[in-house]
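Have a look at this one before I ask anything.
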Amino acid sequence: MLVQLLMLLLLPAAVTGGELPPSNKVVFILGGQSNMAGRGGVVGSHWDGIVPPECAPNPSILRLSPQLRWEEAHEPLHDGIDSNRTCGVGPGMAFANALLRSGRAAGVLGLVPCAVGGTRMADWAKGTDLYSDLVRRARVALETGGRIGAVLWYQGESDTVRWSDANDYARRMAMLVRNLRADLAMPHLLLIQVGLASGLGQYTEVVREAQKGIKLRNVRFVDAKGLPLEDGHLHLSTQAQVQLGHMLAQAYLNYGTSTL
């Protein structure tokens, strides 16, 4: 206990923002591209600012900021992370609120947004800036205690453009899972992957089949196909993001954890 207390006292202020978050928090890593970062309510470069009640802030939901400080989470959750684009509503807040409403959340939920719009799976390979930043943020999130509940992953629209990317998607995705488990020292890390609702190119079904075909243990599949799109083409609408958040929460609860 004394050693743990000394470690907490030695943590840099940039990590804690001056206040230590609860040590019993459950952390969720949010990775992928624009539909995880959230474009609900975004038209052009403008977000309409509408936050559904399912996505409302809650003192029991924190986010790790771009400056590596814990703060109360609110929409847009990826603001400052997917920094070169306009962010809106994503699935993260609806997911966390659904877990709280389930009555099985014992403590605080910590969301670690890492998604960046327009990225291909190759951009998340080990050794890239995106991969290194995700691992760094995940490690920082645990420095004040807690555990990682799952990685929530929604990515692949950019891999539908070229056959080479679509054809190699399954291998790259499996390698991402293995690398994260090794680098976070969590061999049984749960990853919940979202099946594409849309794509940028002609190989959407190829990527979807690759996503559904991942056979690694503790990788779950949630299908976004059929959810309404904001622009009728690529990005999920606000209500679709709420629905996806609920689907992700149910997948996590179904995973078998009696209490979070």
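Please compute the length gained on full extension between HIS233 and THR128, using 0.36 nm multiplied by the number of residues separating them and subtracting their Cα-Cα distance. It would help to have the intermediate numbers written out before the result.
On the way: separation 105, 0.36 × 105 = 37.80 nm, distance 2.90 nm.
Taking HIS233 through THR128 to full extension adds about 34.9 nm, to one decimal.
Note down the nm distance, to one decimal, between modelled labels 7 Å out along Cα→Cβ at VAL43 and at ASN84.
Label-label distance for VAL43 and ASN84, simple model: 2.7 nm.
Averaged per residue, what accessible surface does the chain expose to a 1.4 Å probe, in Å²?
43 Å²
Moving on. Could you work out what % of the accessible surface of the chain is carbon and sulfur, using a 1.4 angstrom probe and leaving DNA, RNA and ligands out of the count?
On the way: 6000 of 11110 Å².
Carbon with sulfur: 54 percent of the solvent-accessible area.
What ranking do 192-201, 91-100, 177-186 get when scored by the average of other Cβ atoms within 10 Å per residue, highest first?
Packing proxy ranking, top to bottom: 91-100, 192-201, 177-186.
Could you list the residues of segment 234-249 with an amide nitrogen less than 11 Å from a label point located 7 Å from the Cα of ILE50 in the Cα-to-C-beta direction?
Only 238-240 pass the distance filter.
While we're on this one: Once you charge only the Cβ atoms, +1 for Lys and Arg and -1 for Asp and Glu, what is the size of the charge dipole of segment 119-244 about its Cα centre, to the nearest 20 debye?
640 debye
Here's another thing I want to ask about it. Which shape class, rounded, prolate or oblate, goes with segment 33-258 when its Cα gyration tensor gives a ≥ b ≥ c as root eigenvalues, a/c under 1.5 marks rounded, and past that a/b bigger than b/c marks prolate?
Here segment 33-258 falls in the rounded category.
Assuming 0.36 nm per residue, please report the length gained on full extension of the stretch MET175 to HIS188 beyond their Cα-Cα distance.
Gain on extension, MET175 to HIS188, equals 3.2 nm.
What figure in square angstrom, to the nearest 10, would you give for the accessible area of LYS212 with a 1.4 Å probe?
80 Å²
A follow-up question, please. Under unit Cβ charges (Lys, Arg +1; Asp, Glu -1), what dipole magnitude, rounded to 20 debye, does the chain have relative to its Cα centre?
940 debye
Put TRP153, TRP163, TRP70, TRP47 in order of accessible area, largest first, 1.4 Å probe: what do you get? Write out the running numbers ahead of the final one.
Values: TRP153 0, TRP163 125, TRP70 25, TRP47 55 Å².
Heavy-atom accessible area, descending, gives TRP163, TRP47, TRP70, TRP153.
The values are calculated or read from the model by the stated rules, or taken from the named source; none is laboratory data. Keep in mind that this is a model prediction, so the values were computed, not measured. Cβ: placed from backbone, ideal geometry, glycine included. Neighbour counts: every protein chain shown. The area values use the complete protein model at the heavy-atom level, side chains included, leaving out ligands, DNA and RNA. Shrake-Rupley method; radii C 1.70, N 1.55, O 1.52, S 1.80 Å.
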